[in-house]
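The values are calculated or read from the model by the stated rules, or taken from the named source; none is laboratory data. This is a predicted model, so every value here is computed, not measured. Here the Cβ positions follow ideal geometry from the backbone for every residue, glycine too, while neighbour counts run over all protein chains shown. Ligands, DNA and RNA are stripped out before the accessible areas are found, and what is left, the full protein with its side chains, is counted by its heavy atoms. Shrake-Rupley method; radii C 1.70, N 1.55, O 1.52, S 1.80 Å.
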Amino acid sequence: MKKITKKSQELLYGNDKITLKRRKSGITELSSHSKNAMAYAQALSHCEDRFLQMFLLRIIGKGRICELLDDSEESLKIDIFMRQMNFHNSTQEDLNELPLDVKSYFQSYADGVNHFLDARGKTWEFKLLGVHMEPWTIQDSLMVVKVMSYIGLAQTQQDAEKFIIQSLREDVDLEKLKSLFLPHLNSISKEIISDLKDLQYFEGLIPEEIKFNSYLPKMMASNNWIVSPSKSKSNSVIQCNDPHLEINRLPGIWYEQVLHLGERNFQGVTMPGLPGIIMGRSDKVSFGFTYGFMDMVDYFIEDISNEHCLRDGKYVNLSTREEVIIRKKGKPFHFKIYENECGTIESDPKVSKLEDGKYLNRAWSASKLGAVGSAIALYEMIDCEDIYSLKTALSKISISCNWLLGDSDGNIAYQQSGMAPRRAESGLFPLRACDQLSRWSGIINPSELSSVVNPKDGFLATANNDLKNYLNPDAPITINLPMGPYRVDRINQLLRSKDQFSVDDFKIMQSDLYSIQAHHYINELTPLLANDEISLLLKNWDLCYDKNSKGAVVFEDFYHNLLAEVFTEDFYATEAWDYIQKKSSILVDFYYFFDKVIIENNELWFKEKSKMECFKNALAKTQKNFLKKKVSTWGQKRRVKMTNILFDGKLPSFLGFDYGPISIEGSRATIVQGALYESHGRVSTFCPSMRFITDLSERRSFTILAGGVSDRRFSKLYKSEVKDWLNYKYKEELLD
């Protein structure tokens, strides 16, 4: 196989002819006459441009970093976690359940990867590391689905529940904690709290090595919106997709392609390691998702005796997996993993036997058969030509998503996806696993998940928010910790501001930096502002988080001072709160629960000091903070490098593996989301990783990626789209 260039290259897969070429923009364009041949061709192009990304993900998903890449204590923690999650080995069950046509489709993708391996071999990075490339299998692709479903998605729910458990163990004020997460903790009992304090082993929030590891694609948040013909200047559906992921990495997570399957055409982004289009459009439909914040992770309390767990008054066997992590530099690390029908027992991997007592059991609904539905959907989506068939396919996806979709007949729809467990309580605090009524009673059928078709407003929008307007009121609780409403409120505000919109209007919307959150706070703060420099910066601020703004810098200082003023001292120790603010994703993801306490003037929190006293104190701290230092701009304060996913900024800048530093615009609450936080010396972000706009009356889309087409450092496509992405420019890609 030759390199893919602008000159068409023809190959055969069985009796099917495949054509591959590279467009002027650098993205690959593939033609075939069967689904399987298309999957094969996709694999070839993924390997050409994202070999490093694919095989790094496989290594880390299998828990083999210490063996193949970097033998360190940090890597060992990642490997242990990946083995505990069983991302790869659990896919054998998924494989057994795949329909034959879907299995054949994924096998064709694996054949393409292995053809590339045979023809071109491994990249220089893996040669340098001495890594042997084993053949790609269907299970490797199914593992990609499971990693996508968990890391940065279901994981955020686990973070929140660990935060609650840790708070209960540390004796924080229970009534305040209940009010923070109202009404989800109302029924927690003293017995459960006592059990949590008596745990034999407790892991804090997910090890930061997992969350901040540069190899992993982290899916965090997103925007999407869609308008019907009644709201469109072209009298057709227009869709915008704006997924927010980690962007301080090269290559970017997504890989863009144009596919031709016989007479049908597809354009959008793909995930290296998987066949199919993840977000984009065809001749007749458009589709895209945001993370749905469905609660797919719960904890249960297990009563363990002699490595048995209590069930219905008697102790029964636990399943045991013995894992061995091969280490480059040291002796192999042996440890046991204990499991049952609920999930995985959290235990110390360095201890060879479970001591008797109470333990947490982590249950993740997608741990068993969590890739089957997604694999089937990726296969079925190709044949969908209207929103009704597409809704049915998308509802099977195991990842928690809020899908928006449209068709050439002018229909628009919302569809929820994910594996929502049927549970006894809200899911935000652990229940005793020994009680049968406390355990899950299966997974909610995809047909029961919420959907909306052709709303009377003529538009739909999601931004990881509470979707009570879209969700079926009679359905079981699936979302208990959504993100704040500010982004979706701003999107809806703009969509209601005009009768009709064009693609150019939506390009402007995708660059919007106005904060409704800041608007709420500044309204209350204004009476306290005088005529000093800090007060004037706040008074004159346009509430936009652009890179030249000084008002944004001052407001953020005030905001964090205010949070500390309200939530430290008699609730959290200063050190603990500092960790929550700066070293975890808790505040980044769930800030609105803290905001509500302040905005609603919750009396539980303002007994010692009034709300306005807290505002005054926070403002005074901000004024003091800037007495001896100059106020920088938002862009100066928020600088980060885009680093190579393998070398992670460790190489000298002149070698060109990294880009920047760049300035991160936006905030947690703006359409252009600009979240930035750090841990263990590594910065993590989530920002618009791809912008996509398409009008179904036209045979083109406008797109841009945070990165480039290729993960090859010496390719001109390595950083090819970064400058345009930073400047809110788009490239035009034709569907034909």
Output yes when any residue across the range 379-394 is touching a Gly at 6+ places or on another chain (Cβ under 7 Å) and more than 23 Å from ARG264 (Cβ to Cβ), and no when none is.
-> no
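Is it the case that THR670 is outside any strand (DSSP E or B), in contact with a strand residue (DSSP E or B) (Cβ under 8 Å, 6 or more places away or on another chain) and within 22 Å of SER585 (Cα to Cα)? Lay out the reasoning, then the answer.
Details: outside any strand (DSSP E or B): yes; in contact with a strand residue (DSSP E or B) (Cβ under 8 Å, 6 or more places away or on another chain): yes; within 22 Å of SER585 (Cα to Cα): yes.
Here the answer is yes, as THR670 does meet what is asked.
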**OP:** Would you confirm whether any residue within the range 60-78 is at pLDDT below 95, assigned to a helix (DSSP H, G or I) and among the acidic types (Asp, Glu)?
**Re:** yes
The condition of being polar (S, T, N, Q), open to solvent by less than 30 Å² (accessible area, probe 1.4 Å), over 20 Å from ASP298 (Cβ atoms) and modelled with pLDDT of 95 or more holds, among SER222, SER228, only for SER228
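Residue-by-condition table, conditions (1) in a helix (DSSP H, G or I); (2) under 22 Å from ASP589 (Cα atoms); (3) at pLDDT 95 or above:
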position: LEU128; (1), (2), (3): yes, no, no
position: PRO135; (1), (2), (3): no, no, yes
position: MET148; (1), (2), (3): yes, yes, no
position: THR156; (1), (2), (3): yes, yes, no
position: LYS162; (1), (2), (3): yes, yes, no
position: LEU168; (1), (2), (3): yes, yes, no
position: LEU177; (1), (2), (3): yes, yes, no
Condition set touching a Lys or Arg at 6+ places or on another chain (Cβ under 9 Å) and either open to solvent by 30 Å² or more (accessible area, probe 1.4 Å) or not in a strand (DSSP E or B) (or both), scope the range 673-686, selection farthest from VAL553 (Cα to Cα): answer is HIS680
Residue count, the range 472-510, condition in contact (Cβ under 8 Å) with a residue 40 or more places away in the chain and outside any helix (DSSP H, G or I), comes to 15
- request: Would you be able to say whether some residue in the range 78-89 is open to solvent by 10 Å² or more (accessible area, probe 1.4 Å), under 26 Å from SER710 (Cβ atoms) and in contact with a strand residue (DSSP E or B) (Cβ under 6 Å, 6 or more places away or on another chain)?
  value: no
Matching residues in the range 687-714 (open to solvent by 10 Å² or more (accessible area, probe 1.4 Å), of a type in the set (Ser, Thr, Tyr) and part of a strand (DSSP E or B)) number 0
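Any chance you could count how many residues in the range 516-528 are free of Cβ contacts under 8 Å to residues at least 24 places away in the same chain and either closer than 16 Å to TYR559 by Cβ or under 27 Å from the mean Cα position of the chain (by Cα) (or both)?
Taking the range 516-528 first, the residues free of Cβ contacts under 8 Å to residues at least 24 places away in the same chain are 523, 526-527.
Cutting the leftovers down to either closer than 16 Å to TYR559 by Cβ or under 27 Å from the mean Cα position of the chain (by Cα) (or both) gives us 523, 526.
Going through the range 516-528 one residue at a time, the tally reaches 2.
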Scanning the range 396-411 residue by residue, the ones that are within 22 Å of ALA366 (Cβ to Cβ) and of a type in the set (Gly, Ala, Ser) total 2
Q.
Within the range 318-329, does at least one residue satisfy the condition of being without any contact (Cβ under 8 Å) to a residue 60 or more places away in the chain, within 30 Å of the chain's Cα centre (by Cα), surrounded by 17 or more Cβ atoms within 10 Å (Cβ to Cβ) and assigned to a strand (DSSP E or B)?
A. no
Of the candidates GLU385, GLU425, GLU355, the one satisfying the condition of being closer than 24 Å to ALA39 by Cβ, touching a residue at least 12 places away in the same chain (Cβ under 8 Å), among the charged types (D, E, K, R) and open to solvent by 40 Å² or more (accessible area, probe 1.4 Å) is GLU385
Result of the Cβ filter at 7 Å on the range 72-84, keeping first residues that are under 19 Å from ARG58 (Cβ atoms) and partners that are outside any helix (DSSP H, G or I) and of a type in the set (Phe, Trp, Tyr), at least 6 apart or interchain, is LEU76/PHE333; ILE80/PHE335
Taking the range 365-381 and keeping residues surrounded by 23 or more Cβ atoms within 10 Å (Cβ to Cβ) and closer than 25 Å to GLN436 by Cβ leaves SER365, ALA366, SER367, GLY370
Note: among PHE81, PHE87, just one is aromatic (Phe, Trp, Tyr), in contact with a helix residue (DSSP H, G or I) (Cβ under 7 Å, 6 or more places away or on another chain) and in a loop (DSSP other than H, G, I, E, B), namely PHE87
Only one of (1) assigned to a loop (DSSP other than H, G, I, E, B); (2) open to solvent by less than 10 Å² (accessible area, probe 1.4 Å); (3) modelled with pLDDT of 95 or more does not apply to ILE206, and that is (3)
Does LYS498 qualify as being surrounded by 14 or more Cβ atoms within 10 Å (Cβ to Cβ) and of a type in the set (D, E, K, R)? no
From the option list THR156, THR137, single residue qualifying as among the hydroxyl-bearing types (Ser, Thr, Tyr), within 30 Å of CYS401 (Cα to Cα) and in contact with an Asp or Glu (Cβ under 9 Å, 6 or more places away or on another chain) is THR156
Counting only residues that are open to solvent by 10 Å² or more (accessible area, probe 1.4 Å), closer than 23 Å to GLY268 by Cβ, among the basic types (Lys, Arg) and assigned to a helix (DSSP H, G or I), the range 13-59 contains a total of 1
